[in-house]
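What follows is a set of notes on a single structure, which appears directly below.
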Amino acid sequence: MIRLENITVEFEERKILDDVSFRVNDGETKVMLGPSGAGKSSLLKVVLGLWKPDVGKVFVDDIEITRLSEREQMPVRRRMSMIFQGNALFDSLTVAENVGFFLEEHSPMTPEQIDKRVQECLEFVNLPDAGSLLPEEISGGMKKRVAIARAIAFHPEIILYDEPTTGLDPINAKTVTELMLKLKNERRVTSIVVTHILRDAFAVGDSLAVVSDGRIVFDGNAHDILASKDTFVQEFLSEIREEASLLFANQ
Ligand SMILES: Nc1ncnc2c1ncn2[C@@H]1O[C@H](COP(=O)(O)OP(=O)(O)OP(=O)(O)O)[C@@H](O)[C@H]1O
Ligand SMILES: [Mg+2]
């Protein structure tokens, strides 16, 4: 379970996150929607413990991570993984080395155990033969799947996805969406997914929140969001619907 209570983050007296509260129950996926600059990636960084909020508390289960030192956070951090907006793969390492990187650095596993785990992770994302390739030799959709393979190497209970399908064509986006569902259904992973693609939001989200100017302006399910009378929510939905129809019209 992830719970945020009244989170505020300020940079140079500007509130990037402003009194944000929500919870994600075990095994559920929460989608964060919102325009560019709204604070979605910042929110994930707070959940991951990379940023300390100026005000408010973050709980993972009943552990308040906001009060812990870097060192004390480690056991909780290990239970979480993040798929970054730009994948953050190491260009000079092979796919297999990328997937095994954090295991080599932070686990007591032997090289043989690591090789076996890396292969399992690559099989999970349906890239069993890609281990020896370099990131520059694979497509954008494959890179995203490698990033997911690396994120699951530690068997995380919580995965934070920052725009996992942005920039992918619909077929690759569907593959990534299916992987997110597989992690949720087969491994009961708890997730927060940042996206501005409505189709993907509805495909993976048990609940959806809309962020605007650092504040949560909507929090509910797919039915509620479509029925919302909030003008910002309605305008935002119609904008992304329009974007989606343009995208489809061009294909
Ligand atoms: N390290 C930082 N220092 C100062 N301001 C920052 C920092 N990181 C982000 N911001 C500001 O915080 C606000 C929210 O940024 P954030 O990256 O969270 O938005 P976002 O919703 O993820 O946008 P996008 O959809 O473009 O990824 C922006 O105004 C941004 O300029
Ligand atoms: Mg972002």
### Query
Just from the alpha-carbon atoms, what are the Rg and Dmax of region 12-106 in angstroms?
15.4, 43
### Heavy-atom SASA rank of LYS184, LYS45 (probe 1.4 Å, accessible area, largest first)
LYS45, LYS184
### Message
Just to be sure I follow: if Rg is taken over the C-alpha atoms of region 134-246 and Rh is the Kirkwood radius over the same atoms, what is Rg/Rh?
### Response
0.99
### Summary
Rounded to whole Å², per residue accessible area for region 81-155 with a 1.4 Å probe reads 51
### Task
Could you pull the accessible area for ARG78 with a 1.4 Å probe, rounded to 10 Å²?
110
### Net charge of neighbours whose Cβ lies under 13 Å from the Cβ of ARG150, counting Lys and Arg as +1 and Asp and Glu as -1
0
### Task
Only helical DSSP H runs with n ≥ 4 go in: add -39500 (n - 2.57) per run for the chain, normalise by residue count and round the 222 nm mean residue ellipticity to 500 deg cm²/dmol.
-13000 deg cm²/dmol
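Specify whether the C-alpha gyration tensor of region 176-233 places it in the rounded, prolate or oblate class, a ≥ b ≥ c being the square roots of the eigenvalues: rounded for a/c under 1.5, otherwise prolate if a/b is larger than b/c and oblate if not.
Working: a/c = 2.35, a/b = 2.03, b/c = 1.16.
Prolate, since a/c reaches 1.5 and a/b exceeds b/c.
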### Summary
In this structure, the FRET efficiency calculated for GLU64 and ARG215 from their beta-carbon separation, with R0 = 30 Å, to the nearest 0.05, is 0.85
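Under the definition of Cα pairs under 8 Å and six or more residues apart, what whole-number percent is the relative contact order of region 4-89? Numbers along the way, then the final one.
Details: 93 pairs, mean separation 24.0, N = 86.
Computed over region 4-89, the figure is 28 percent.
Give me the Å³ per residue figure for the convex hull around the C-alpha atoms of the chain. Kindly include the intermediate steps, with their values, before the conclusion.
Details: hull volume 33.9 nm³, N = 251.
Convex hull volume per residue, Cα atoms: 135 Å³.
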### Task
Have a look at LYS143, LYS174, LYS229 and tell me which one the Gaussian network model of the chain (Cα, springs below 10 Å) gives the largest fluctuation.
LYS229
### Query
Which percent of the accessible heavy-atom area of region 81-155 goes to carbon and sulfur, probe 1.4 angstrom?
51
### Task
Compute log10 of I(q)/I(0) for region 34-176 with the Debye formula, placing one identical point scatterer on every Cα and leaving out solvent, at q = 0.20 Å⁻¹, to two decimals.
-1.24
### Message
Can you tally the net charge around GLN113? Count Lys and Arg as +1, Asp and Glu as -1, for every other residue whose Cβ sits under 15 Å from the Cβ of GLN113.
### Response
-3
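Expressed in nm to one decimal, what extension gain is obtained for the pair ARG188 and ASN25 from 0.36 nm per residue of sequence separation less their Cα-Cα distance?
57.6 nm
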### Query
Dividing the convex hull volume of the Cα atoms of region 159-202 by its residue count, what figure in Å³ per residue is obtained?
61
### Message
Sort ARG150, ARG67, ARG117 by heavy-atom solvent-accessible area, probe 1.4 angstrom, most to least.
### Response
ARG67, ARG117, ARG150
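If you average 1/r over all unlike Cα pairs in region 65-120 and invert the result, what Kirkwood radius do you get in angstrom?
Working: mean 1/r = 0.0763 Å⁻¹.
Computed over Cα pairs of region 65-120, the Kirkwood hydrodynamic radius comes out at 13.1 Å.
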### Query
Among rounded, prolate and oblate, which fits region 114-190 when a ≥ b ≥ c are the square roots of the eigenvalues of its C-alpha gyration tensor, a/c under 1.5 means rounded, and a/b larger than b/c means prolate?
oblate
### Message
Over the Cα atoms, compute the radius of gyration (one decimal) and Dmax (the largest Cα-Cα distance, rounded to a whole number) for region 81-155, in Å.
### Response
11.0, 32
### Query
With Cβ to Cβ distances under 15 Å as the rule, what net charge do the other residues near VAL95 carry (K, R +1; D, E -1)?
-4
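The values are calculated or read from the model by the stated rules, or taken from the named source; none is laboratory data. Bear in mind the structure is a predicted one, so any value in this text is a computation, not a measurement. Note that we place each Cβ from the backbone using ideal geometry, even for glycine, and neighbour counts take in every protein chain shown. Note: accessible area is taken over every heavy atom of the protein model, side chains too, but ligands, DNA and RNA are not part of it. Shrake-Rupley method; radii C 1.70, N 1.55, O 1.52, S 1.80 Å.
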